[in-house]
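Worksheet: the structure to be examined is printed underneath.
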Amino acid sequence: MVMHTCRWSALPFPIVLAADEPPAGTPPEEASFVPPPGVIPDPAPGMRAGPGDVVVLVGTTKGLFALTAPAGRGEWTRSGPWFPGEEIAAAALDARGGRNRLLAGAMSWHFGPSVYSSDDLGETWREPEPTTLRFPDDTGASVARVWQLAPASAEQPDVVWAGVEPAALFRSDDGGASFSLVRELWDHPHREQWQPGGGGLCLHTIVPDPTGGPRLGVAVSAAGFYRTLDGTTWEAANRGILPPFLPPPAPEFGQCVHKVAQHPTRPDTLFVQHHWGVYRSDDFGGTWTEVGEEKLPSTFGFPIVVDPNDADTAYVVPLKSDFFRCAAEGKLRVFRTTDGGETWEPSGTGLPDDDAYLSVLRDGFGTDGMDPAGLYLGTRTGEVFGSVDGGETWNELTRHLPPVLCVKAAVLA
Amino acid sequence: MSVRVRLAETLRPHAGGDGVVDLDVAEGCCVRDVLDALAAVHPAVGRRVRDETGVLRRHVNVFVDQDNARDLDGLTTRVPAGAVVSVLPAVSGG
């Protein structure tokens with residue numbers, strides 16, 4: 001924008017003209033150009049928070065927001081939006097190595113995807129140059145969307161994993177500045193047969209090894225869970241997961257794993273929310289056992305979260321059927337198990353329970369890792385609910401946001 | 001020859017704030033050549049206009065003077081000397 005003082009009227013204030021609006025005396029060639037459409041809203045200032053504060057990043061269809069609170073998590077402040085108008089399907093606060101780096105996977109419907117980072121809590125953002133997250137030329141593929149940004153363990157403070165659409169895994173060894181394709185998974189012979197889910201053929205979940213070892217798991221919709229134990233050799237790991245949308249017997253791959261959750265101190269145990277079915281594995285996906293049938297009002301849902309303080313405590317958000325995909329029984333409820341899936345009980349005081357047809361996406365549920373754990377639930381109708389008592393009671397932290405795509409919480413270093 | 005490229009306002013932050021980029025390109029060049037030259041100067045603009053396979057993004061239009069290149073020969077549309085190439089977002093969006 002260019003400031004022009006108005007000389008030809010009595011208006012006592014300057015007027016603002018778009019940069020391409022021709023001032024008087026502009027040559028005809030310039031004047032004939034129609035000012036282009038599209039205006040970028042002013043960027044939001046950075047969030048005001050300090051060490052020990054909790055940050056809940058909320059990625060929406062129209063930009064990135066953040067909720068911040070002191071460690072007691074009683075009073076929340078909302079910041080953003082950053083990247084207004086862009087879809088933020090992936091976000092992370094990387095508090096390893098003494099830094100507080102925000103990572104955002106943004107997707108402009110016009111200008112495509114990118115990964116941005118900020119080391120000043122959103123005051124400024126940068127996009128690495130010249131390298132950014134892109135497929136190598138020989139693949140013939142192009143990134144449609146970044147679905148997941150996952151900092152590795154503290155033992156690998158510069159490693160960040162990224163999952164994208166079309167389904168592929170990327171690795172960064174410089175804290176998210178540049179990424180390279182994980183060829184071993186891209187070259188997996190199954191890949192040509194993977195089928196897209198409703199959201200596209202996406203690698204949406206990454207389960208890094210919390211000990212810093214080579215083991216790694218990923219989930220692709222609709223291909224299922226894949227794992228590597230040595231860091232190079234990948235295998236489908238869906239034994240026991242029964243996809244009702246495929247004729248029996250259950251295939252080696254083709255499952256629609258919606259989300260995988262892992263506890264950092266018991267990394268062999270995984271929980272899966274499948275496209276019908278809640279499963280548990282105690283051998284990092286070697287075999288799976290259904291743990292939700294006839295215990296939950298619906299075993300359909302998207303997110304699943306493991307309590308950071310108890311590997312046997314997990315949370316799901318049952319949705320009514322794969323054709324409806326709204327809160328079961330018109331009540332938004334979180335169901336919790338404290339015995340590894342043997343039993344489930346509803347929790348959810350404070351959540352809408354009267355003809356409440358809300359929905360929560362696969363990354364719309366997160367925890368901050370504190371003790372007691374903060375749980376955060378973002379809906380497709382723009383509310384974010386929070387609990388600091390294991391899901392017993394919930395408070396609405398904010399509302400009237402655009403549809404929430406991801407909720408990622410962490411504590412500032 | 002010289003070609004003038006006009007950038008939509010939403011692209012300008014990725015071009016150092018510039019809305020106009022004058023490029024030297026070969027006689028007889030096409031839209032692809034102009035976009036290559038533009039990407040060489042402003043790579044962050046280049047990847048917003050085309051994906052990494054070189055395909056023009058679905059919701060971006062490139063005009064050679066008044067003509068949408070999609071209605072002509074796409075990226076191989078000839079760009080005559082003195083033309084103004086406009087890179088504009090389509091009306092579509094999320």
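The values are calculated or read from the model by the stated rules, or taken from the named source; none is laboratory data. Bear in mind the structure is a predicted one, so any value in this text is a computation, not a measurement. When we count neighbours, we look across all protein chains shown, and the Cβ atoms used for this are built from the backbone with ideal geometry, even at glycine.
Mind telling me which of the residues A:ALA104, A:ALA89, A:ALA162 ends up being surrounded by 23 or more Cβ atoms within 10 Å (Cβ to Cβ), within 14 Å of another protein chain (Cβ to nearest Cβ) and assigned to a strand (DSSP E or B)?
A:ALA89
Looking at this structure, is A:GLY112 within 11 Å of another protein chain (Cβ to nearest Cβ), closer than 18 Å to A:LYS62 by Cα and not hydrophobic (A, V, I, L, M, F, W, C)?
yes
Quickly run through the stretch A:165-197 and pick out the residues that are out of contact with any strand residue (DSSP E or B) (no Cβ under 8 Å at 6 or more places or on another chain), more than 24 Å from A:SER114 (Cβ to Cβ) and part of a loop (DSSP other than H, G, I, E, B).
A:ASP187, A:PRO189, A:GLN195
Read through the list (1) away from chain B (no Cβ under 14 Å); (2) of a type in the set (D, E, K, R); (3) more than 15 Å from A:ALA104 (Cβ to Cβ), then give the number of the only condition that A:ASP138 fails.
The single condition A:ASP138 does not satisfy is (1).
Table: residues versus (1) outside any loop (DSSP other than H, G, I, E, B); (2) over 30 Å from B:SER92 (Cβ atoms); (3) acidic (Asp, Glu); (4) at pLDDT below 50.
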{"residue": "A:VAL16", "(1), (2), (3), (4)": "yes, no, no, yes"}
{"residue": "A:PRO23", "(1), (2), (3), (4)": "no, yes, no, yes"}
{"residue": "A:GLU30", "(1), (2), (3), (4)": "yes, no, yes, yes"}
{"residue": "A:ARG48", "(1), (2), (3), (4)": "no, yes, no, no"}
{"residue": "A:ALA66", "(1), (2), (3), (4)": "yes, no, no, no"}
{"residue": "A:ARG73", "(1), (2), (3), (4)": "no, yes, no, no"}
{"residue": "A:PRO81", "(1), (2), (3), (4)": "yes, no, no, no"}
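Of these, A:ALA152, A:ALA144, which one is away from chain B (no Cβ under 14 Å), in contact with a strand residue (DSSP E or B) (Cβ under 8 Å, 6 or more places away or on another chain) and not charged (D, E, K, R)?
A:ALA152
Would you say B:VAL21 is surrounded by 17 or more Cβ atoms within 10 Å (Cβ to Cβ), modelled with pLDDT of 95 or more, among the β-branched types (Val, Ile, Thr) and within 27 Å of A:GLU129 (Cα to Cα)?
Judged against the criteria, B:VAL21 is a match.
In the stretch B:24-36, is there at least one residue being out of contact with any helix residue (DSSP H, G or I) (no Cβ under 9 Å at 6 or more places or on another chain) and surrounded by fewer than 15 Cβ atoms within 10 Å (Cβ to Cβ)?
Checked against the condition, which is being out of contact with any helix residue (DSSP H, G or I) (no Cβ under 9 Å at 6 or more places or on another chain) and surrounded by fewer than 15 Cβ atoms within 10 Å (Cβ to Cβ), the stretch B:24-36 yields at least one hit.
Given the condition touching a Ser or Thr at 6+ places or on another chain (Cβ under 7 Å), part of a loop (DSSP other than H, G, I, E, B) and either on the phi > 0 side of the Ramachandran plot or surrounded by 23 or more Cβ atoms within 10 Å (Cβ to Cβ) (or both), answer yes or no: does some residue in the stretch A:114-125 qualify?
Scanning the stretch A:114-125 turns up at least one residue that is touching a Ser or Thr at 6+ places or on another chain (Cβ under 7 Å), part of a loop (DSSP other than H, G, I, E, B) and either on the phi > 0 side of the Ramachandran plot or surrounded by 23 or more Cβ atoms within 10 Å (Cβ to Cβ) (or both).
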